[in-house]
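Structure record follows, encoded as structure tokens.
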Amino acid sequence: MVDTKTQYQKIKPAIDKAVVDVMESAAFINGKAVHDFAANLSAYIGTKHTVHCANGTDALQIAMMALGLQPGDEVITPSFTYIATTEVIALLRLTPVFVEVDAKTFCMDPAMLEEAITPQTKAIVPVHLYGQSAPMEEIMKIAKKYNLYVIEDNAQTIGCDYIFADDTRRKTGTIGNIGTVSFYPSKNLGAFGDGGAIFTDDDELADKMRMITNHGQSKQYYHDIVGCNSRLDSMQAAILDIKLKYLNEYAAARRNAANYYDKAFANHPKIIIPFRASYSSHVFNQYTLILKETNNPSNYRNGLRKFLADHKIPSMIYYPVPGHRQKMFEHFNAVTQSMPITDWLSDRVISLPMHTELDEEQLLFITNKVLEYVNK
Ligand SMILES: Cc1ncc(COP(=O)(O)O)c(C=O)c1O
């Protein structure tokens, strides 16, 4: 699905030097590289604070801990997302409340969001899925009306611009109270291991989140609040700092590949290509098609997956089992909810290889094989 090896080869001297520099400094934890990267990322994203942490899942957990959410508080989030988004809500003994997504954008539907709000609702976690922003202006309006916190799960969408009605732009992850990101290797800004970060403009929240990532410590060996141990190590930070310089170029390469796919599949009676919302740029962490097949759609979709695999083309289903159907949430009322759009998508989506190194020969081969299957 990704080709991080070729991507690394192109910037190998700079990466190798950065790693050696960290080894020679021996500042493996919380070294200069970590602080340099956090400062550069803040400038790129347009946020006052970047709090580094160990991965995108911890980033969400730390954000929810810092907001002081209490057991029983309801947190509204899409069911159609990676399990990390919803799992941390339950881990903190909060109540996940699933809402539907828009079938076109794959992101939280604001109308459904408003319907799901109760007196127990404390926060909303919109997910910018596959590389495109959720409709943040509408979500923020609802959050303001009901006095709710907003944590943007920006794991898949770093570098994406949200375009406001007045044409101003902000990076996703900087619009709500807090934004989170993952540096998992296949992400648009991918480390050579795990990593994550949290964004906020709020000084108090930033201080609290920094404390939480370091065992709730206010000064050495004085622990004021319950925290955890979650940090980005210096080597990953040094690598990410190099890759950050290429992030826009990487997004452009992903968009080029998406344009190629779009052209090949546009107007095909069996394929819906990714919708591009006017309020967002698209950084294509994933290129996800919806297959139109009324007769046993998941079988048909899984058949394409197998057909591609037989020709050594990887593909993925993000996500075959949405949150409201996961066993881990069985004890929440939310799972009894009917989610026809989410279920409809789960049976029909398929993601094709998407990364910065796809060349025309590969794209031609992949698109021809997809077309061969759907034209059968
Ligand atoms: C939407 C979403 N949220 C959260 C995460 C968690 O990130 P990590 O794997 O770094 O913990 C991911 C990672 O795949 C994700 O896609």
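Relative contact order for segment 235-376: 31 percent, from Cα pairs under 8 Å spaced at least 6 residues apart, divided by residue count. If you take the square roots of the eigenvalues of the alpha-carbon gyration tensor of the chain and sort them as a ≥ b ≥ c, do you get rounded (a/c under 1.5), prolate (a/b over b/c) or oblate? Oblate shape, in that a/c is at least 1.5 and b/c is the bigger or equal ratio. Paramagnetic label reach from Asp36 (point 7 Å along Cα→Cβ; backbone nitrogen cut-off under 19 Å): within segment 202-240, residues 232-240.
Between Ala252 and Phe28, the simple spin-label model (points 7 angstrom out along Cα→Cβ) gives 3.9 nm.
Order of 123-135, 79-91 by packing, highest average Cβ count within 10 Å first?
My ranking of the peptides, most packed first, is 123-135, 79-91.
Overall shape: prolate for segment 174-307, with the ratio a/c of the largest to smallest alpha carbon gyration tensor axis at 1.5 or above and a/b above b/c. Approximating the spin labels as points 7 Å out from Cα along Cα→Cβ, the Asn302-to-Val321 distance works out to 1.3 nm. When the chain is treated as a Gaussian network with alpha carbon springs shorter than 10 Å, the biggest mean-square fluctuation among Asp343, Asp310, Asp153 belongs to Asp310. What a 1.4 Å probe finds exposed on segment 1-159 is 56% carbon and sulfur by accessible area, rounded to a whole percent. Extension gain for Phe164-Trp344 works out to 61.8 nm (0.36 nm per residue, less the C-alpha to C-alpha distance).
Using θ = phi - 60° in the Karplus curve 6.51 cos²θ - 1.76 cosθ + 1.60, the 3J(HN,Hα) couplings for segment 156-161 round to 9, 9, 4, x, 7, 9 Hz; x is entered for Gly and Pro. Cβ-Cβ distance of Lys245 and Ala309, R₀ of 35 Å, FRET efficiency by 1/(1 + (r/R0)^6): the value works out to about 0.50.
Rounded to the nearest 500 deg cm²/dmol, what is the calculated helix-only ellipticity per residue at 222 nm for the chain, with -39500 (n - 2.57) per DSSP H run of length n ≥ 4?
Details: 13 runs with 152 residues, N = 376.
Only helices count here, giving -12500 deg cm²/dmol.
Going by average Cβ density within 10 Å per residue, which order do the peptides 364-371, 176-183 take, highest to lowest?
The packing order, highest mean first, is 176-183, 364-371.
Pick out, from His223, Ile242, Ile271, the residue whose Cα sits farthest towards the positive end of the charge dipole of segment 183-333, with +1 on the Cβ of Lys and Arg and -1 on the Cβ of Asp and Glu. Going by the Cα projections, it comes out as Ile271.
Cα centroid separation, segment 161-191 to segment 5-27: 26 Å. The dipole here belongs to segment 1-119: it is taken about the Cα centre, uses +1 on the Cβ of Lys and Arg and -1 on the Cβ of Asp and Glu, and is about 580 debye.
Would you work out if segment 1-56 is rounded, prolate or oblate? Take a ≥ b ≥ c from the square roots of the eigenvalues of the alpha-carbon gyration tensor; rounded if a/c is under 1.5, else prolate when a/b is larger than b/c, oblate otherwise. It comes out oblate by the Cα gyration axes.
The values are calculated or read from the model by the stated rules, or taken from the named source; none is laboratory data. All figures in this text were calculated on a predicted structure; none of them were measured in a lab. For neighbour counting, all protein chains shown are included, and Cβ atoms are generated from backbone atoms with ideal geometry for every residue, glycine included. Calculation scope for accessible area: heavy atoms of the full protein, side chains included, ligands and nucleic acids excluded. Shrake-Rupley method; radii C 1.70, N 1.55, O 1.52, S 1.80 Å.
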